[in-house]
1. Extending each Cα 7 Å along its Cβ direction at A65 and R21, get the distance between those two points in nm, one decimal.
2. I'd like to know which of P19, M45, Y64 lies farthest towards the positive end of the charge dipole of the range 16-65, counting +1 on Cβ of Lys and Arg and -1 on Cβ of Asp and Glu.
3. Is the shape of the range 1-68 best called rounded, prolate or oblate, per the rule: a/c under 1.5 gives rounded, else a/b larger than b/c gives prolate, else oblate, with a ≥ b ≥ c the square roots of the Cα gyration tensor eigenvalues?
Amino acid sequence: MDETQTLAVLALRELLDDPERNDWDELVAATRTLIQAIETGEPMMRRNAHIVAEYLREAGWQEYAIRSATAQAGAHADGGWPSGVALRAAAQ
């Protein structure tokens, strides 16, 4: 488990401490998605990674740290996502 991802979960949990929030469901879902990605090592869907990134920006995180926290094991070094063909080939 990456330390940056662990810190990201803590940052999202700190956002949950704000009693004036009105987006609890989405924030809890983003936190659970990140935790599941950490536990399973499976990549988040692009949409979920985007939502997690938005909350980390709100928490004051810099872009390089957000990229590290939402990085996927299957992502290319240039930040692109592998195609379905590349994923199937990697699985064989």
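1. 1.7
2. M45
3. On the way: a/c = 1.61, a/b = 1.35, b/c = 1.19.
Judged from the Cα gyration tensor, the range 1-68 comes out prolate (a/c at least 1.5, a/b above b/c).
We did not get these values from a lab; they are worked out from the coordinates using the rules stated. Since this is a predicted model, take the numbers as computed values, not measurements. Cβ sites come from the backbone with ideal geometry, for glycine too, and all protein chains shown count toward neighbours.
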